[in-house]
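Worksheet: one structure, shown below.
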Ligand code: VG1
Ligand code: CO
């Protein structure tokens, strides 16, 4: 194997955001751009002799090209082995699962997650450490520092065409002395799910006519959902998928199978899994499972003859949206419901060590933690802040309001895991999603919650709003707005209880005396302009109001948020882009 050392000069913009480095595809296609960042990762993580790397992505545009480059760079930088998902595919939770199962020296995941894909869409790359979780801020800062002074990268010469073929076949091949092991992207993950949940109970649920609709949004979870929900759990499907769905683009299409059991062919008026074929541009959609971008599913779940349960996941499979018939479960409530019902699920029957939620996530889970007598931690936004707490055994369940839920079974949020957790609860409780929520609120009270996103606004306007809010901290103190009075405001900062690291500037909080709050934050995952997120929360103990719409209940807070941020004047926007 010929190893080349290629001279390069730094790019100045390779600072990872909330979850890895995300840029438009053409930015990543610039000569040396990907190579510089990958070399900066390898220069930071000190690769020990004999080390293995996990590698895979969500299949979006540029995934295959990037995989080839990274394999050759891994060989040149001293990795002994790379475990790569067939076709270069791994969901984010599956990658985390593999890093832990095979105790590798971390992994590289190629994804811009919920951001759109395609030639003009977004691409992304992130490094996960040997615990399977996103690199901590300390590591991402070191990678950024390395990217600013990089002068060369190392890459092996290997014939591209031969390798591209190898990538679609399960088995080992070599690049120089490094072994590339092409593995099934679904198997280890599916096994882990079977070890946590009562598959027998869920199977009976489907056998008794329970109907589900899972929207994979033409992203990575299609084959995972098909294998787990349809093949292993017997959810109705009119289509049969080959057991090797990733054997190249053509073979990714579902095939009719002559020996498929009759119920899979005729009984279902529609498939349990929709938009199941992963596409490099997600079929032109925005693979973000929320009420706006997953509208196809939302229409089905609010339509006549809606299924009993609906769910969707995002580009890389770590997010989840949960719906009942004519009913939406906020992610914050979902975390609380999972916590309150964890004792019904085999993998969590022994109890929870604690719960963690990101700061903007509602306090619904805190109420459950209190009743269970376990601690509840409040972290900044981004899954990387949960890793230390899970590694230290302080928490079992974690969640974010942004459709992220997970546990210490891996170190990433996990979309299908959340779906299976819900199915397990539904199989045991035999009630509707709506009834489960109504009973939950009757017991704990309802944390009424919503997030308003203003996407793609000029960066200057967004920064202006944040500065204005900071400047108003003093005058807002004690201020009255109708019934509400401000108790305090600050910019959230967090001291990690495990390693003592401090993260500042994590979001402006305006807390009211009655427990309501408004949070303002700028997104750290976007690639164009700025996205301002406004998080709104109030507490409603009165059962007679629990069925009311969140927007209606939060109207006073929405008004205050608009008034104090001067949002309309500064951005010209009348309405949020997305309301969840
Ligand atoms: C968003 C969410 C955050 C999540 C992150 C990555 O970040 O708010 O909760 O962890 O996306 O999710 P931001 O900085 O845009 O608010 V994923 O599924 O895109 O990796
Ligand atoms: Co994601």
Residue satisfying condition, being loosely packed, with under 15 Cβ neighbours inside 10 Å, more than 16 Å from ligand 2 (Cβ to nearest atom), within 23 Å of the chain's Cα centre (by Cα) and more than 21 Å from residue 358 (Cβ to Cβ), within set 572, 528, 505: 528
Checking residue 469 against (1) touching a strand residue (DSSP E or B) at 6+ places or on another chain (Cβ under 9 Å); (2) away from ligand 1 (no atom under 16 Å from the Cβ); (3) within 29 Å of residue 127 (Cβ to Cβ), the condition it does not meet: (3)
Which listed residue is under 19 Å from residue 421 (Cβ atoms), within 16 Å of ligand 1 (Cβ to nearest atom) and buried (at least 24 other Cβ atoms within 10 Å of the Cβ), from 312, 336: 312
In region 84-114, residue farthest from ligand 1 (Cβ to nearest atom) [restricted to those that are surrounded by fewer than 24 Cβ atoms within 10 Å (Cβ to Cβ) and in a helix (DSSP H, G or I)]: 101
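Take the residues in region 408-417 that are outside any loop (DSSP other than H, G, I, E, B) and within 11 Å of the chain's Cα centre (by Cα); name whichever of them is nearest to residue 202 (Cα to Cα). Show your work before the answer.
Pass one, region 408-417, residues outside any loop (DSSP other than H, G, I, E, B): 415-417.
Within this subset, residues satisfying the condition of being within 11 Å of the chain's Cα centre (by Cα) are 415-416.
On the way: 415: 17, 416: 14 Å.
Among them, the one singled out is 416.
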Condition met for residue 384 (part of a helix (DSSP H, G or I) and closer than 23 Å to residue 129 by Cβ): yes
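Looking at the structure I just gave you, is residue 81 surrounded by fewer than 24 Cβ atoms within 10 Å (Cβ to Cβ), away from ligand 2 (no atom under 16 Å from the Cβ), more than 21 Å from the chain's Cα centre (by Cα) and touching a residue at least 24 places away in the same chain (Cβ under 8 Å)?
Numbers: surrounded by fewer than 24 Cβ atoms within 10 Å (Cβ to Cβ): yes; away from ligand 2 (no atom under 16 Å from the Cβ): yes; more than 21 Å from the chain's Cα centre (by Cα): yes; touching a residue at least 24 places away in the same chain (Cβ under 8 Å): yes.
Judged against the criteria, residue 81 is a match.
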Checklist (1) modelled with pLDDT under 95; (2) within 16 Å of ligand 2 (Cβ to nearest atom) applied to residue 412, failing item: (1)
Hits in region 482-502 (condition: buried (at least 16 other Cβ atoms within 10 Å of the Cβ) and assigned to a loop (DSSP other than H, G, I, E, B)): 492, 496
Whichever residue in region 435-481 is touching a helix residue (DSSP H, G or I) at 6+ places or on another chain (Cβ under 6 Å) and over 28 Å from residue 293 (Cβ atoms) and, among such residues, is surrounded by the most Cβ atoms within 10 Å (Cβ to Cβ): 444
Of all residues making up region 183-206, the number that are out of contact with any helix residue (DSSP H, G or I) (no Cβ under 7 Å at 6 or more places or on another chain) and either closer than 29 Å to residue 75 by Cβ or free of Cβ contacts under 8 Å to residues at least 24 places away in the same chain (or both): 5
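Each row is one residue, and each column tells you yes or no for (1) within 16 Å of ligand 1 (Cβ to nearest atom); (2) modelled with pLDDT of 90 or more; (3) within 28 Å of residue 23 (Cα to Cα).
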position: 504; (1), (2), (3): yes, yes, yes
position: 509; (1), (2), (3): yes, yes, no
position: 514; (1), (2), (3): no, yes, no
position: 521; (1), (2), (3): yes, yes, yes
position: 526; (1), (2), (3): yes, no, yes
position: 534; (1), (2), (3): yes, yes, yes
position: 560; (1), (2), (3): no, yes, no
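The values are calculated or read from the model by the stated rules, or taken from the named source; none is laboratory data. Bear in mind the structure is a predicted one, so any value in this text is a computation, not a measurement. Cβ coordinates were reconstructed from backbone atoms using ideal geometry, including for glycine residues, and neighbour counts include every protein chain displayed.
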